Amino acid sequence: MKALITGGAGFIGSHLADTLLAQGEEVFILDDLSTGSVENIEHLQQHPRFHYFFDTIMNRFLLAELIDRADIVFHLAAAVGVRLIVESPVRTIETNVKGTEHVLEYAAKKKKTVVIASSSEVYGKGSQVPFREEDDLVLGPTTKGRWSYACSKALDEFLALAYWKEKGCPTIVVRFFNTVGPRQTGEYGMVLPRFVSQALTGKPITVYGTGQQSRCFTWVGDLVQAVVQLAKHPQAVGEIFNIGGTEEISIRDLAFLVKDITGSRSEVTFIPYEQAYEEGFEDMQRRVPSIEKIQNLIGYKPSLDVVGIVSRVTEYFQKKGSETC
Ligand code: UDP
């Protein structure tokens, strides 16, 4: 099988490339390195079944050609990270909406299967956890920049489902919940790499708000295995799946867990949201996936608990030499 991964030099995309190559597939990646990095794919450069194209998904000619050559497309190229979204809203909306439009347009012409990476962010301020795929999406006002990401991803989902219904292009939507693991950087705001890196360099561990907000962290290895299984499952087409860990932890507890596991002397500090992001910033209080649907279809089960996840991420940063956040 020939697989195209848009955003393949990113944190998740590069792990997906590893998994597909290990399964004997041929992998093409298209990435403009806007948030991805060559470091993530350096180990693959000499691989005979790996091909890297340094360009943006806005290059319609190259995108069309690569889709033509591929049997399946994993569309991961997107503007991600709450900090990036708040700071660069135009880029977020344009990349996420136009990019997906291009991918679906060309894939539909050739009836290629497309896996669209969406996000748990689409559930927005919903308070009925766990979140099920059919739940209402509760988004904040358009005056609050953060919601542009959820809205752009929701539009991607509508498009994906419409291309399946109206044009018969096989699409699968996957909603990722706070995915973490090696190669993720704290540069775009993601909490776990930031905390681990802060702890290992003796800097204050910065909890935003009260720290009572909670998340479920998803081990990247589990996530990419699940994505590949879904991509090859005929009953996944035209469907949406949550992919996430199920162990809920508050951000405050996460900070102390990181401090404990790293053996750090860093202090845990609390920073108001308006200082961390922008005036009027809205956060989600809880975000917990229902994994019933994906469990029923492919037997998905998270392999690591949060202690295991933090330990592995710590080992990664220790090996790499802690970067500054
Ligand atoms: N967060 C934090 N300190 C940081 C970065 C993030 O307390 O240095 C919080 C953030 O406000 C949110 C949670 O950690 O409540 C998860 O943030 P992240 O950006 O990783 O993902 P999100 O769930 O917001 O998409």
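The values are calculated or read from the model by the stated rules, or taken from the named source; none is laboratory data. This is a predicted model, so every value here is computed, not measured. Cβ: placed from backbone, ideal geometry, glycine included. Neighbour counts: every protein chain shown. The protein model used for the area step is the full one, side chains on, heavy atoms only, and it has no ligands, DNA or RNA in it. Shrake-Rupley method; radii C 1.70, N 1.55, O 1.52, S 1.80 Å.
Of note:
- Meets criteria (part of a helix (DSSP H, G or I), under 25 Å from Lys293 (Cα atoms) and of a type in the set (Gly, Ala, Ser)) for Ala150: yes
- So Trp164, is it touching a Pro at 6+ places or on another chain (Cβ under 9 Å), of a type in the set (A, V, I, L, M, F, W, C) and at pLDDT below 95: no
- Lys232 fulfils the conditions (1) within 17 Å of Ile5 (Cβ to Cβ); (2) in contact (Cβ under 8 Å) with a residue 60 or more places away in the chain except for a single criterion, (2).
- Residue ID - farthest from the ligand (Cβ to nearest atom), chosen from residues in segment 172-185 that are within 22 Å of Leu137 (Cβ to Cβ) and in a loop (DSSP other than H, G, I, E, B): Phe177
- Among all residues of segment 264-279, there is none that is away from the ligand (no atom under 15 Å from the Cβ), of a type in the set (S, T, N, Q) and within 23 Å of Gly81 (Cβ to Cβ).
- Under the condition of being in contact with a strand residue (DSSP E or B) (Cβ under 7 Å, 6 or more places away or on another chain) and open to solvent by 10 Å² or more (accessible area, probe 1.4 Å), the residues counted in segment 11-20 number 1.
Residue-by-condition table, conditions (1) closer than 21 Å to Val228 by Cα; (2) hydroxyl-bearing (Ser, Thr, Tyr); (3) within 16 Å of the ligand (Cβ to nearest atom); (4) surrounded by fewer than 24 Cβ atoms within 10 Å (Cβ to Cβ):
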site	(1), (2), (3), (4)
Gln23	yes, no, no, yes
Asp32	no, no, no, yes
Glu42	no, no, no, yes
Met58	no, no, no, yes
Ala79	no, no, yes, yes
Ile85	no, no, yes, no
Pro89	no, no, yes, yes
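- Per-region count, segment 186-209, residues under 14 Å from the mean Cα position of the chain (by Cα) and more than 10 Å from the ligand (Cβ to nearest atom): 0
- Checking every residue in segment 64-73 against the condition of being within 28 Å of Gln235 (Cβ to Cβ), in contact with a helix residue (DSSP H, G or I) (Cβ under 9 Å, 6 or more places away or on another chain) and surrounded by fewer than 15 Cβ atoms within 10 Å (Cβ to Cβ) gives at least one match.
- Within segment 281-322, the set of residues being within 14 Å of the ligand (Cβ to nearest atom) and of a type outside the set (Lys, Arg) comprises Phe281, Glu282, Asp283, Met284, Gln285, Val288, Pro289, Val306, Ile309, Val310, Val313.
- Residue within segment 210-233 that is within 16 Å of the ligand (Cβ to nearest atom), at pLDDT below 95, open to solvent by 30 Å² or more (accessible area, probe 1.4 Å) and part of a loop (DSSP other than H, G, I, E, B) present: no
- Checked against (1) in contact with a helix residue (DSSP H, G or I) (Cβ under 9 Å, 6 or more places away or on another chain); (2) surrounded by fewer than 24 Cβ atoms within 10 Å (Cβ to Cβ), Ala3 passes all but condition (2).
- Check on Gly186, small (Gly, Ala, Ser), closer than 30 Å to Ser266 by Cβ and modelled with pLDDT under 95: yes
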